[in-house]
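Just so it is clear, none of the values below were taken in a lab; they were calculated from the coordinates. Just so you know, these numbers come straight off a predicted model, no measurement behind them. Methodologically, a virtual Cβ is constructed for each residue, glycine included, from the backbone with ideal geometry; neighbour enumeration extends over all protein chains shown.
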Amino acid sequence: MIIVPLERDKEAVSPVGHIVSEAMIARLGARREEFRRDGQLPADVVEELRRVGVYRALVARQYGGDESTPMAFLELVERLSRADGSLGWVASFGVSCMYLASLPVQTLEQVYANGPDVVFAGALFPPQPAQRVEGGVKVSGRWKFGSGSTGASLIGVGVKVEGADDAGLPRMAVMPADKVTIEPNWDVIGLRGTGSHDLVVDGVVVPEDWTFVRGGKSTLDSPLYQYPSMAFAAQVLAVVGIGVARAALDEITAMAGGRASITGAPVLADRAYVQNDIAKGEAALRSARAFFYEATESAWATLAAGDPVTTEQTALLRLASTHVARTGADVAALAYRLSGTTGIYANHPLAMHMQDAGVVAQHAFLSDGTWQNAGKVLLGLPTGPGFP
């Protein structure tokens with residue numbers, strides 16, 4: 001099936017996405033079972049993500065990065081997710097430099113002293129108590145969901161520093177990856193290749209200027225670093241669901257033209273219900289995707305004009321993210337259902353796509369609470385800390 005891209009797609013993949021060719025998507029997609037089996041991306045794939053610009057895409061130009069637009073980065077992650085959901089999920093953490101931008105400038109100079117391609121990963125919850133000691137804060141504890149940490153050079157963990165006034169937001173302590181023990185216990189039904197294992201830290205002293213408030217004000221002042229960081233964090237995860245659902249629709253469309261039924265029924269493509277459902281899936285995915293990028297472009301245009309993003313614009317970013325993640329999960333499930341018994345095998349692409357898209361939509365950033373909080377904003381009502 002040939003999908004005609006929107007005009008925006010042709011521009012937005014430059015400069016960071018143009019290297020993600022259809023050949024690369026096919027080649028990495030062929031390794032999907034390997035990622036699932038190993039429970040993480042292999043080192044050569046992480047290195048390839050470096051090469052295509054995932055980790056420098058959003059790094060400030062003053063540190064050698066591309067300082068690309070939010071749209072370009074999101075479409076880069078979307079393209080990679082067509083190859084594999086876990087691949088896109090790990091790539092999405094190229095957004096982490098947006099969090100790191102809350103570190104003091106002198107710390108950022110150390111972070112990027114050897115170049116912009118720094119792989120940062122981590123786990124926020126549950127934040128663990130950290131005591132102030134000589135030289136910084138002493139960090140100990142265990143954290144879940146350390147996605148991509150197996151390939152990271154820097155790792156951050158969530159802490160609650162005694163006496164710190166963080167306005168109800170979590171703080172992260174950043175340290176070299178070799179200070180962290182990764183316990184391989186990622187045993188799930190989808191996104192199995194993300195390496196989202198537990199992280200364990202035992203008595204590591206982190207200088208206070210290597211800690212930052214997640215969602216705090218950036219120390220960099222270009223428009224990119226004024227983009228709402230928590231909304232962006234939800235967007236980069238949600239866009240994985242778009243890529244996975246796109247792959248699922250393409251898979252079932254390709255199958256439909258050639259699969260004859262063992263009962264003698266017409267091939268899938270000749271069945272009315274298949275024609276209807278594929279059309280519905282296509283319409284649903286394209287519509288949700290259009291809302292998602294429309295909200296992104298609106299927020300970016302405001303920043304590019306020198307104005308701050310409004311609360312309503314930020315709420316729409318969160319709303320569009322949850323909506324597209326749920327739509328992606330529904331569309332991938334639709335494609336799986338149309339496959340009949342062919343898709344029920346554990347190593348079938350449609351089974352993997354359905355599971356990956358379903359897990360994307362389970363993330364806390366994309367939870368049911370987003371609907372209520374977005375509704376409150378649209379109605380002019382207050383929301384809790386961290387939203388939008």
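Need the list of aspartates and glutamates near residue 376 for cross-linking: C-alpha distance under 18 angstrom, and skip anything on the same chain fewer than eight residues off.
Within reach: 312, 368.
Comparing 190, 257, 65, which has the greatest mean-square fluctuation in the GNM of the chain with Cα pairs linked when under 10 Å apart?
Per the Cα network of the chain with a 10 Å cutoff, 257 tops the list.
Only four residue types carry charge here, +1 at the Cβ of Lys and Arg and -1 at the Cβ of Asp and Glu. Report the dipole size of the range 36-106 about the Cα centre in Debye, rounded to the nearest 20.
20 debye
Against the longest alpha carbon principal axis of the chain, how many degrees, from 0 to 90 and to the nearest 10, is the axis of helix 349-360 turned?
On a 0 to 90 degree scale, this one is about 40.
Go through the range 96-108 residue by residue and turn each phi into a ³J(HN,Hα) via Karplus (6.51, -1.76, 1.60, θ = phi - 60°); whole Hz please, and just put x for glycine and proline.
Karplus-based 3J(HN,Hα) across the range 96-108 equals 4, 5, 5, 5, 4, 5, 7, 6, x, 4, 5, 6, 4 Hz.
List the residues whose amide H sits under 5 Å from the amide H of residue 131, counting only those 5 or more places along or on another chain, with H placed 1.01 Å from N in the peptide plane.
138
Rank these for me by crowding, 67, 282, going from fewest to most other beta carbons within 10 Å.
Result, fewest neighbours first: 282, 67.
Taking the highest mean first, how do the peptides 363-374, 226-237 order by number of other beta carbon atoms within 10 angstrom per residue?
Packing proxy ranking, top to bottom: 226-237, 363-374.
If we sort 215-222, 21-28 on the protection proxy, mean other Cβ atoms within 10 Å, highest first, what's the order?
215-222, 21-28
On full extension of the chain, what length is gained from residue 267 through residue 301, given 0.36 nm per residue of separation minus the C-alpha to C-alpha distance?
Contour length minus the Cα-Cα distance gives 7.5 nm.
Using modelled amide H (1.01 Å from N, peptide plane; none on Pro or chain starts), what sits under 5 Å from the amide H of residue 171, excluding residues fewer than 5 places away?
159, 214
Could you tell me the distance between the Cα centroids of the range 138-192 and the range 329-388, to the nearest Å?
Taking the Cα centre of the range 329-388 as reference, the centre of the range 138-192 is 24 Å away.
Taking 0.36 nm per residue of separation and subtracting the Cα-Cα distance, what length does fully extending residue 27 through residue 62 add?
Stretched out fully, the residue 27 to residue 62 stretch lengthens by 9.2 nm.
Sort the range 7-100 into rounded, prolate or oblate with this rule: let a ≥ b ≥ c be the square roots of the eigenvalues of the Cα gyration tensor; rounded if a/c is under 1.5, and if a/c is not under 1.5, prolate when a/b is larger than b/c, oblate otherwise.
Judged from the Cα gyration tensor, the range 7-100 comes out oblate (a/c at least 1.5, b/c at or above a/b).
Once fully extended, how much extra length lies between residue 132 and residue 47, figured as 0.36 nm per residue of separation less the alpha-carbon to alpha-carbon distance?
Taking residue 132 through residue 47 to full extension adds about 27.0 nm, to one decimal.
Mind ranking 89-96, 130-137 by how tightly packed they are, going by the mean number of other C-beta atoms within 10 angstrom, highest first?
89-96, 130-137
What list of ³J(HN,Hα) couplings, whole Hz, do you get for the range 293-303 from phi and the Karplus terms 6.51, -1.76, 1.60, once you set θ to phi - 60° and write x for glycine and proline?
3J(HN,Hα) across the range 293-303, in whole Hz: 6, 5, 5, 5, 5, 5, 4, 5, 4, 5, 5.
Please work out whether the range 159-253 counts as rounded, prolate or oblate from its C-alpha gyration tensor, where a ≥ b ≥ c are the square roots of the eigenvalues and a/c under 1.5 means rounded, while otherwise a/b larger than b/c means prolate and anything else oblate?
Note, shape of the range 159-253 comes out oblate.
Please list 3J(HN,Hα) in residue order for the range 336-344, calculated via the Karplus relation 6.51 cos²θ - 1.76 cosθ + 1.60 where θ = phi - 60°; whole Hz, with x for glycine and proline.
4, 4, 5, 6, x, 6, 4, x, 7
Along the positive direction of the dipole of the chain (beta-carbon charges: Lys, Arg +1; Asp, Glu -1; about the Cα centre), which of 353, 225, 149 reaches farthest?
353
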